[in-house]
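A short write-up of the structure that comes next.
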Amino acid sequence: MRWLTLPGEGIPVVFIHGLGCAASYDYPRVVCDPHFRRRAAILIDLPGYGYSDKPWEYGYTIGEQARVVNEVIRAIGLRDYFIYGHSMGGSIAIESVAEAAAGVRGLIVSEPNFHPGGGLFSQKIYANSQHDYIASGHSAFVASEDSAWAGSLAVAAPWAVWRSAASLIAGNAWLAIFLRMTRPSGLIFGEASLPDADFSRLQSLGTACITVAQCGHAMAWENPAGLAAALSAFCARHE
C-alpha cells in the first residue's frame, strides 16, 4: 500500500478514489487549490491501483478495500480525520466508517454507488469474463478512452478493475448504511449529473447535499476548484 501524506493545517482529509482511478493522480490538483485552504490530506492509492501493489491473490472487493483503508489510517496514527470517497471510493468510505467510526470527524461522498448493480463503467467491464477482460478487454477499454481517466486506468491491474466492478455489481446496502451514520455526513454531485433520485431524497432528509457547478461525474478533473471548495466548506462546518 502506498499513499501521499500532504502536510497542511486543520483536521486532515483522507481521499479514496474511484474505479480505475488513483488518488495520487486525481487529487493533487484539488488539494493544491486555494479553495482547499491548505488543509492536510492523505491520498490513498488502493491495492491494484496507482502506486500500490497489485497482487493477484487479493479479492479487491469493496469490503476488503474498506478494511485496508482502515489499516492505513491506523498505521498513520490518525486520531481525528475526515474521509472523502468518490464513486466506488464513496462506497468504500461508507464501509470504512461503518467498520471503524472512532476518530472520524465526518464522511463526505461524491456520486457514490449507493445500490447494487453498478454503474455505466462497472457494467461494461463486468460484461466481459475476468479472463477476457484481462486478455484484451482492459487494453481495449483504455484505448477507447480519451479522458484523463485513461491515464490511471492504464496503470491499474486488469484483475483489480474487473473484481472491483464485480463487487460493485454484487453491491451492498450502502444507502441504508449511509443513512444510519451517526457522524456528520455529506453528499456531493456535479450539476451535470442531476437530477438524481438519491440526491433529492437525501436532501429532503436533511443531509448536507452540495452541487458542484460546471462538471459531471469527473468533478476532480472538470472543476477541481469547485470540488476543493465543497470539501473545505463541509470540513469547516464540522471542525
Checklist line | Complete set of residues in the range 134-172 that are among the charged types (D, E, K, R) and under 18 Å from Ala218 (Cα atoms) | finding: Glu145, Asp146
Item checked: Single match in Asp26, Asp33 (criterion: within 14 Å of the chain's Cα centre (by Cα) and closer than 17 Å to Met219 by Cβ) -> Asp26
Next item on the list: State all residues of the range 204-214 that are surrounded by 15 or more Cβ atoms within 10 Å (Cβ to Cβ) and under 26 Å from Ala66 (Cβ atoms); if no residue qualifies, say none.
Entry: Thr207, Ala208, Cys209, Ile210, Val212
Margin query: With the requirement that a residue be part of a helix (DSSP H, G or I), loosely packed, with under 15 Cβ neighbours inside 10 Å and among the hydroxyl-bearing types (Ser, Thr, Tyr), what does the range 133-173 give you?
Written below: Ser136, Ser139, Ser144
Item checked: Residues of the range 174-199 satisfying the condition of being exposed (fewer than 14 other Cβ atoms within 10 Å of the Cβ) and under 20 Å from Gly118 (Cα atoms) -> Ala176, Leu194, Pro195, Ala197
Item checked: Those strands (runs of 3 or more DSSP E) lying entirely in the range 28-132 with at least 3 residues in contact (Cβ under 8 Å) with a residue 60 or more places away in the chain -> 81-86, 104-110
Next item on the list: Having 3 or more residues that are within 16 Å of the chain's Cα centre (by Cα) is the bar; report the helices (runs of 4 or more DSSP H) wholly within the range 178-239 that clear it.
Entry: 219-222, 224-238
Notebook entry, point to check: Of the conditions (1) of a type outside the set (A, V, I, L, M, F, W, C); (2) at pLDDT 95 or above; (3) touching a Leu at 6+ places or on another chain (Cβ under 7 Å), Asn172 fails just one. Which one is it?
Noted result: (3)
Margin query: Against the condition more than 29 Å from Pro12 (Cα to Cα) and either surrounded by 17 or more Cβ atoms within 10 Å (Cβ to Cβ) or at pLDDT 95 or above (or both), how does His115 come out, does it pass?
Written below: no
Note to self: Take the conditions under 22 Å from Ser52 (Cβ atoms) and either without any contact (Cβ under 8 Å) to a residue 24 or more places away in the chain or touching a helix residue (DSSP H, G or I) at 6+ places or on another chain (Cβ under 6 Å) (or both) and apply them to Ala156. Does it pass?
What the structure shows: no
Check: Is it the case that Ala176 is farther than 30 Å from Arg29 by Cβ and among the hydrophobic types (A, V, I, L, M, F, W, C)?
Finding: yes
Margin query: Which residue is nearest to Ser87 (Cα to Cα), if the candidates are limited to the range 16-41 and must be crowded, with 23+ Cβ neighbours inside 10 Å and of a type in the set (A, V, I, L, M)?
Written below: Leu19
Note to self: Looking at the range 202-231, I want the residues that are in contact (Cβ under 8 Å) with a residue 24 or more places away in the chain and among the polar types (S, T, N, Q) and have a partner that is outside any helix (DSSP H, G or I) and surrounded by fewer than 18 Cβ atoms within 10 Å (Cβ to Cβ) with Cβ atoms under 8 Å, at least 6 apart or on another chain. Which pairs are those?
What the structure shows: Asn223/Ala213; Asn223/Gln214
Note to self: Checking the structure you have, find out if any residue of the range 187-198 is touching a Cys at 6+ places or on another chain (Cβ under 6 Å), closer than 20 Å to Ile94 by Cα and in contact (Cβ under 8 Å) with a residue 40 or more places away in the chain.
What the structure shows: yes
Check: Does Trp221 satisfy being under 14 Å from Asp26 (Cβ atoms), modelled with pLDDT of 95 or more and of a type in the set (Phe, Trp, Tyr)?
Finding: yes
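The values are calculated or read from the model by the stated rules, or taken from the named source; none is laboratory data. It should be emphasised that the depicted structure is a prediction, and the values quoted were computed from it without experimental measurement. Note that we place each Cβ from the backbone using ideal geometry, even for glycine, and neighbour counts take in every protein chain shown.
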